[in-house]
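Right, one structure below, let's go through it.
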Amino acid sequence: MKFTWFGEKTIRLQMAGRIIVVDPDKAPEQIDKAELISGADNVLAFADPLTNEIDLATWKLPSPRALIDQGGSADVEFQRVARAGMIAQSSEEGGLLLADARQQVAWGRWADGLVVILLGNADACASAGLAMLEQSRPKMIALACGEDGLDDAIARLRPHVGRTPLQVLEPNLAVEV
């Protein structure tokens, strides 16, 4: 899985051999929108009403399937997490949660094992990250928040992350998990 944050909620994700672009219309002006979406298999808006909204009380990340059981190329499924975000998941690479840190999420064990990208200002990302870490153990936490207040956010999160990697995303730089 590889993802690049461009600002706001604009993300380009490569997962299971597919390219997904979220909110290309909200990318900064200096980003060429045609280049951003070129080759994309899916182009979504962060607020798109996806058909599958997960039930946070019962959902959990499915276990990866063996290649022989996948029957060809793996697909990427998208599911809505209330108004706060969306999960992209594939049987090959697990799941990634894009979460608007400014929205309330009922964090729980359902977030275990997910790569979580928290989007918003640094204070909101730190608060959402702390709430998440009280209830779940994500595979990784990535902060997509810009530099204002970032040092304080990291200082708030660092004592609580344990062995969970904490990554600060830089606009236009890819991260591979």
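Bear in mind these aren't lab numbers, they're just calculated from the coordinates by the rules spelled out. The model shown is predicted, which means the values in this text are computed figures rather than measured ones. Note that each Cβ is placed from the backbone with ideal geometry, even for glycine, and that neighbours are counted across all protein chains shown.
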Answer in debye to the nearest 20: the dipole magnitude of the chain about its Cα centre, from +1 Lys/Arg and -1 Asp/Glu charges placed on Cβ, is 560
Expected max-MSF residue from A45, A122, A57 in the GNM of the chain (alpha carbon, under 10 Å) is A57
Taking a crude spin-label model, label points 7 Å out from Cα along the C-beta direction, the D152 to E176 distance in nm is 3.7
With the charge dipole of region 46-170 built from beta-carbon charges (+1 for Lys and Arg, -1 for Asp and Glu) about the Cα centre, the Cα from Q79, T164, A122 projecting farthest to the positive end belongs to T164
A correct Karplus calculation of ³J(HN,Hα) over region 145-154, with 6.51 cos²θ - 1.76 cosθ + 1.60, θ = phi - 60°, whole Hz and x for Gly and Pro, returns 9, x, 8, 5, x, 5, 4, 5, 4, 5
With R102 itself left out, Lys, Arg at +1 and Asp, Glu at -1 over residues whose Cβ is under 14 Å from its Cβ give -1
The answer for E53, listing residues at least 5 apart or on another chain whose modeled amide H is closer than 5 Å to its amide H, is R80
From fewest to most C-beta neighbours within 10 Å, the residues C125, C145 line up as C145, C125
Simple spin-label estimate for A106/D55, 7 Å along Cα→Cβ, in nm, reads 1.1
Residue-normalised 222 nm signal for the chain, counting each DSSP H run of n ≥ 4 as -39,500 (n - 2.57), nearest 500 deg cm²/dmol, is -4500 deg cm²/dmol
Residues whose built amide H sits under 5 Å from the amide H of G85, excluding neighbours closer than 5 in sequence, are D100
Expected vector for region 163-177, Karplus 3J(HN,Hα) from phi with 6.51, -1.76, 1.60 and θ = phi - 60°, integer Hz, x for Gly and Pro, equals 8, 6, x, 10, 10, 9, 7, 9, x, 6, 10, 7, 10, 10, 10
Check: C-alpha center region 1-49 vs C-alpha center region 142-159, spacing in Å is 23
Percent antiparallel among DSSP beta bridges confined to region 46-170, rounded to 5, stands at 45
A correct Karplus calculation of ³J(HN,Hα) over region 100-105, with 6.51 cos²θ - 1.76 cosθ + 1.60, θ = phi - 60°, whole Hz and x for Gly and Pro, returns 6, 5, 7, 9, 6, 10
One finds, for H160 and D48 with R0 = 45 angstrom and r their Cβ-Cβ distance, a FRET efficiency to the nearest 0.05 of 0.90
Any residue on another chain or 5+ positions along whose placed amide H is under 5 Å from the amide H of C145 is listed here as L169
